[in-house]
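J.: First the structure, then my questions, so here it is.
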Amino acid sequence: MTNRRTFLTGALAATGATAIPAAAQQVFEVPESWQPRVVDMPARYRPGVILVYPDRFSLFWTLPEGKAIRYAVRVGRGDLYEPGEYTIGARKEWPSWTPTPDMIEREPERWGQYADGMPGGPNNPLGARALYLFQPGRGDTFLRIHGTNDPGSIGRAVSNGCVGLLNPHMIHLYDQVPLETKVYLYPKAA
């Protein structure tokens, strides 16, 4: 009988995608349906694009031949989620983090202590890896696709606007996504 890890690794290898490195894998209590998996994608999506569907809590990394890797994510709560077209303008491993002034204003008791920043590491809110979302004329939007070590947040609209994946899943995505990759954050349903 094939187990989940064997299936995922084989399915990813068959599409030319990289398997999740053993060192990056962590055991979390998340449903089987939240594990990354290769899925069919409509032919209209070209390979090498990130698509985020907030109501499905899904991020798709498109592959050749009408395939994609689907990752389970968390998204921004309320109106903090900003749909739109973005480009990956920076990529960082174990990034440092500073809350935005708006975050500190909304929740000073939670974020005020980090006003001067926080070094990268396992307790950093950006997790193991981060992809920085940019827009023409705006530059860095302060929105990120990043890792988290909080499995309870996956499948929920809880962040301050960013899209989050479990750290091992984020490492896997990060290893495939180059600078200048197009990212489409689709709107939430009304």
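J.: What are the pairs, 6+ residues apart or on separate chains, where a residue within the range 171-189 that is farther than 17 Å from Arg70 by Cα has its Cβ under 7 Å from a residue that is part of a helix (DSSP H, G or I) and at pLDDT 95 or above?
T.: Between residues of the range 171-189 that are farther than 17 Å from Arg70 by Cα and residues that are part of a helix (DSSP H, G or I) and at pLDDT 95 or above, the close pairs are Lys188/Pro54; Lys188/Asp55; Ala189/Asp55.
J.: Tally up the residues in the range 8-55 that are at pLDDT 95 or above, under 24 Å from Thr87 (Cβ atoms) and surrounded by fewer than 14 Cβ atoms within 10 Å (Cβ to Cβ), please.
T.: Total meeting the criteria: 1.
J.: Still on this structure, please answer the following. Could you check the range 64-100 and list, in sequence order, the residues that are among the hydrophobic types (A, V, I, L, M, F, W, C), buried (at least 21 other Cβ atoms within 10 Å of the Cβ) and touching a Pro at 6+ places or on another chain (Cβ under 6 Å)?
T.: Residues satisfying the conditions are Ile69, Val75.
J.: Filter the range 142-158 for residues that are within 13 Å of Arg129 (Cα to Cα) and not in a strand (DSSP E or B) and give the result. Let's see the steps before the verdict.
T.: Within the range 142-158, the first condition is being within 13 Å of Arg129 (Cα to Cα), and the residues that meet it are 144-149.
Across the range 142-158, the qualifying residue is only Asn149.
J.: Sticking with this structure for a sec: When residues of the range 52-98 are filtered for being part of a loop (DSSP other than H, G, I, E, B) and polar (S, T, N, Q), how many remain? Explain how you work it out, then say what you get.
T.: Kept after step one, since they are part of a loop (DSSP other than H, G, I, E, B), are these residues of the range 52-98: 57, 64-66, 73, 77, 81-83, 94-96, 98.
Subsequent filtering for residues that are polar (S, T, N, Q) retains 96, 98.
Of the residues in that region, 2 qualify.
J.: Would you point out the residue of the range 135-163, among those that are in contact (Cβ under 8 Å) with a residue 24 or more places away in the chain and on the phi > 0 side of the Ramachandran plot, that is most open to solvent (accessible area, probe 1.4 Å)?
T.: Phe142
J.: Within the range 126-153, which residues are modelled with pLDDT under 95 and of a type in the set (Val, Ile, Thr)?
T.: Thr148
J.: Next question. Would you mind stating whether Asp116 is open to solvent by 90 Å² or more (accessible area, probe 1.4 Å), of a type outside the set (S, T, N, Q) and assigned to a loop (DSSP other than H, G, I, E, B)? If you could, list the steps in order and put the result at the bottom.
T.: Values: open to solvent by 90 Å² or more (accessible area, probe 1.4 Å): yes; of a type outside the set (S, T, N, Q): yes; assigned to a loop (DSSP other than H, G, I, E, B): yes.
Yes.
J.: Working only within the range 116-128, note down all residues that are touching a Pro at 6+ places or on another chain (Cβ under 7 Å) and over 15 Å from Gly164 (Cβ atoms).
T.: Gly120
The values are calculated or read from the model by the stated rules, or taken from the named source; none is laboratory data. Please read all numbers here as calculations on a predicted model, not as lab measurements. Please note: Cβ atoms are built from the backbone with ideal geometry, for glycine as well, and neighbour counts cover all protein chains shown. Accessible surface areas use protein heavy atoms only, side chains included; no ligands, DNA or RNA. Shrake-Rupley method; radii C 1.70, N 1.55, O 1.52, S 1.80 Å.
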